[in-house]
Amino acid sequence: HAKISGRNQVCFFDASMTRNLVRKKEIEAELRAALQRDELSIFFQPIVDLETGRIRAFEALVRWFHPEKGELRPDEFIPVAEETGVIITLGNWITAQAARACAQWPEGVSVAVNLSPVQIRAPGAALGILTALRDAGLDPSRLELEVTESLFLDDNQHTARFIDELAAKGVRFALDDFGTGYSSLGYINKFPFKKIKVDRSFVSGPNVGIKSDAIIRAVAEMGATLEMDIVAEGLETIEQVHTVRNAGCTLGQGYYFSRAVPDYLAAMLLAQELESPPSKRLVG
Ligand code: C2E
Ligand code: MG
Ligand code: MG
Ligand code: MG
């Protein structure tokens, strides 16, 4: 252990921290190169109407197919992209790809894009989104931006301006991973969310039961009153679909319906739906 003491601070460096730093630098350099080399792609996961079984939207989820490391999940590289600022270029690219894909879908189907707080705080963030929409010829009302509560931890003025500017153009906002952060009702009161995505930890895992059920029910009731869609994330079984539908969730997303798929498969799912409208088969 090397130990460096400053006036009021003590830092410890050890081999694992050095390794982490090296790995971070590595990922940053590779991420910049990957963007050039076309190793990234956007996959799309259906968000399904629990009443009709119809696909109402797709969530765009980024994937990195690394030549040596194989498929990398966003959890492995988005944090690095955020720390290094690469997320700004990457995010613009993701929004552009998502808008272009959505422009090919029937008009009733929208696309949801995850936004990192770092992206939103960057100058010109709203313009970047509007440019992507214009270039794709996509109506702003078909774009949904998913943000998490971490966005509101600081600089609320800039955030409010960003949201208001885009909302005024018709872009919709969704509060993602609800129930994992502060879950402050103040954010719901203050910002024009059209959708709340209840985190999948309320749907499966050790904390699921009578209590989680009651919480989903309460959120769904609020959603109904405020005319917001309540989405249940992480639905893997028909039993979970039934539970959240009975609790009042209007939309569902999860492996039970489909994993995230490449754009041509997303288009196929929609074509299939046109040919044979979903019976209760999807939602039981
Ligand atoms: P998220 O926005 O909450 O996305 C949902 C995640 O849950 C996705 O993981 C999805 O594949 C996964 N998922 C969906 N259905 C199921 C299910 O039934 N069971 C289980 N176990 N998992 C399910 P993914 O694609 O690995 O993304 C992880 C997170 O990374 C996302 O969480 C989002 O916060 C972030 N992310 C993904 N794509 C982007 C992006 O383009 N930009 C930004 N800024 N963040 C992204
Ligand atoms: Mg999301
Ligand atoms: Mg989520
Ligand atoms: Mg989540």
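The values are calculated or read from the model by the stated rules, or taken from the named source; none is laboratory data. Not measured: the values here are computed from a predicted model. Note that we place each Cβ from the backbone using ideal geometry, even for glycine, and neighbour counts take in every protein chain shown.
Observations, loosely collected:
- Scanning segment 161-177 for residues that are among the charged types (D, E, K, R) and either within 19 Å of Leu61 (Cα to Cα) or crowded, with 21+ Cβ neighbours inside 10 Å (or both) yields Arg172, Asp176, Asp177.
- Subset of segment 167-193 [within 16 Å of ligand 1 (Cβ to nearest atom), free of Cβ contacts under 8 Å to residues at least 60 places away in the same chain and outside any loop (DSSP other than H, G, I, E, B)]: Phe173, Leu175, Asp177, Phe178, Phe193
- In the set Ala220, Ala267, Ala271, only one residue is among the hydrophobic types (A, V, I, L, M, F, W, C), in contact (Cβ under 8 Å) with a residue 60 or more places away in the chain and closer than 26 Å to Val171 by Cα; that residue is Ala267.
- Inspection of segment 91-108 finds no residue satisfying the criterion of being within 16 Å of ligand 2 (Cβ to nearest atom), modelled with pLDDT of 95 or more and acidic (Asp, Glu).
- Screening Ile163 on (1) out of contact with any strand residue (DSSP E or B) (no Cβ under 7 Å at 6 or more places or on another chain); (2) in a helix (DSSP H, G or I) shows it passes everything except condition (1).
- Scanning segment 157-214 for residues that are on the phi > 0 side of the Ramachandran plot and either at pLDDT 95 or above or of a type outside the set (Gly, Ala, Ser) (or both) turns up Gly170, Asp177.
- Condition check for Phe202 on (1) within 16 Å of ligand 4 (Cβ to nearest atom); (2) in contact (Cβ under 8 Å) with a residue 40 or more places away in the chain: one failure, at (2).
- Count of segment 228-250 residues, restricted to those that are part of a loop (DSSP other than H, G, I, E, B), among the acidic types (Asp, Glu) and in contact with a strand residue (DSSP E or B) (Cβ under 8 Å, 6 or more places away or on another chain), is 1.
- Looking only at segment 145-165, and only at residues there that are within 16 Å of ligand 3 (Cβ to nearest atom) and out of contact with any Phe, Trp or Tyr (no Cβ under 7 Å at 6 or more places or on another chain), the one that is farthest from Ser183 (Cα to Cα): Glu146
- Note on segment 20-59: among residues that are small (Gly, Ala, Ser) and under 22 Å from Pro278 (Cβ atoms), the one that is modelled with the highest pLDDT is Ala57.
- For segment 55-70, the criterion of a residue being in a helix (DSSP H, G or I) and more than 27 Å from Ala267 (Cα to Cα) is satisfied by no position.
- Boolean, Ile55 is in contact (Cβ under 8 Å) with a residue 60 or more places away in the chain, in contact with a Leu (Cβ under 6 Å, 6 or more places away or on another chain) and closer than 13 Å to Phe257 by Cβ: no
- Residue in segment 198-251 that is nearest to ligand 2 (Cβ to nearest atom), counting only those that are hydroxyl-bearing (Ser, Thr, Tyr) and within 20 Å of Tyr182 (Cβ to Cβ): Ser201
- Segment 199-218, subset part of a helix (DSSP H, G or I) and under 19 Å from the mean Cα position of the chain (by Cα), residue surrounded by the most Cβ atoms within 10 Å (Cβ to Cβ): Phe202
- Given (1) at pLDDT below 95; (2) surrounded by fewer than 19 Cβ atoms within 10 Å (Cβ to Cβ); (3) over 18 Å from the mean Cα position of the chain (by Cα); (4) away from ligand 1 (no atom under 11 Å from the Cβ), index of the condition Val283 fails: (2)
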